[in-house]
Each structure stands twice: as C-alpha cells, then as structure tokens.
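Q: Encoded as structure tokens, here's the structure I'll be asking about.
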Amino acid sequence: MNDWLKSVDSSTVLLGQTIMYTAYCLVIISVIAWIATRLTKKPGDRSIISPKLFYGWVGLLVVIGVSLHLTTYNTIPWVKPDLEHPDADVVATYNIAIGDHKWDTSTGQMTPPCNQLVEFKVTSTDLTYGFGIFRPDSTMVAQMQVVPGHENNLYWTFTKNGTYHIVSTEYSGPLGYDPNTGMNIAWPDAIVVSDCQK
C-alpha cells in the first residue's frame, strides 16, 4: 500500500476525480429525468421508475462519491505537506522569481531528488502570476497562485522521472502570452527528475 501511495501523482488523482464527478453528474441527470417522467405521466399511469428504486440509485451514487472523497483524502500527495508545512522534512529549496512577464531563469535547471519533499519559494515583483509545473504532454503536476508582496510556497514530492516545464497559470494581461510557444509565460525544461527507480 505504501509503495502505491508513493506512486500517486496528479494524473492518478485526476482519474479518481473523473469517476467521482461522473457519479455526481449521473445523480443530477437522473434527478432531472425522474422529475420529467413524474411530470409528464398521465394520471393513473404507473411510473416506470418507482421512488424506492430511484432513491436507492441516488443513495448508491452518493456512497460512491463520498467513498472517493474519503479515499483520495489520504492519497492526494499534496494534502499533508500543504496543511502542515513540514519545513524540517524539506531536502531542497528553490527560490524562483517572476516579473515583467518573464521567469528569472538565472538559477538554472532544477534537479529535485525523487521521493523527497522539496519547496519552491516563488516571488513576484509586480503582478499576480501562477506557478504551474507541467509534464511535456501539457498535463499539470501542481500549481499555485503567486501574489506580489507575499512569500508563495509550494511543497512537492516528485515520484516519477521526467522533464517538467514551469508555466504561469494566471492571466496577467496580453503580454503574458507567447504566440511562438502558444503558452503563457513559460520556462521549458526547468525541472528534471532522474533518480527515481524504475
């Protein structure tokens, strides 16, 4: 179980969220369909879906949704570090600055260790930006808002090898969009994780 928890990343969580919100949508759609059949039936006609069957169905979907919430509470990798701010467990801290619609890349490429907690301290010199870590296929690993005049900290544990881009996830005006890359303010290949065991 512990090895499985270590391998959980945002793509695994996204699968769970997809299942959960699909269940919620089925509940909402079934409520609307049930109400529609009750409103359109003629007096004296037998209902196709009995109230007992309908409420049993809704109850089942609610149990599935709540179960997924309880399960993902313990498996979402960023819950504990985000709530507890365990500075003593941090093995590396990366100070990153952004301003004038550009990342300060003078720190060079970052190489956080695998399966160990790292901290990203991001500061903005002018506007509100976003700090998003993305895989090459443009799926998001983690993100936070970067507010000027405040320390913005993201704690993260990388569990898989890969090269990651840093992209601003917050709209900061038209100057924040790069038509050459088709992305907001981006720092390609900013993070490389290479010491995870296969």
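Q: Kirkwood Rh over Cα pairs of region 87-193 into Stokes-Einstein at 4 °C, 1.567 mPa s: D in µm²/s?
A: 93
Q: Right, something else. Nearest 0.05, what FRET efficiency do Thr159 and Thr93 give at R0 = 25 Å with Cβ-Cβ as r?
A: 0.85
Q: Starting with the fewest neighbours, write out Cys25, Cys196 ranked by other beta-carbon atoms found within 10 Å of each beta-carbon.
A: Cys25, Cys196
Q: If you don't mind, there's one more thing I want to ask. First check a/c for region 96-143, with a ≥ b ≥ c the square roots of the eigenvalues of its C-alpha gyration tensor; if it is under 1.5, answer rounded, and if not, answer prolate when a/b is larger than b/c or oblate otherwise.
A: prolate
Taken together, the values in this text are just the output of simple stated rules run on the coordinates, not laboratory data. These numbers were taken from a predicted model, which means no experiment stands behind them. Positions of Cβ are generated from backbone atoms using ideal geometry, with glycine treated the same way; all protein chains shown enter the neighbour counts.
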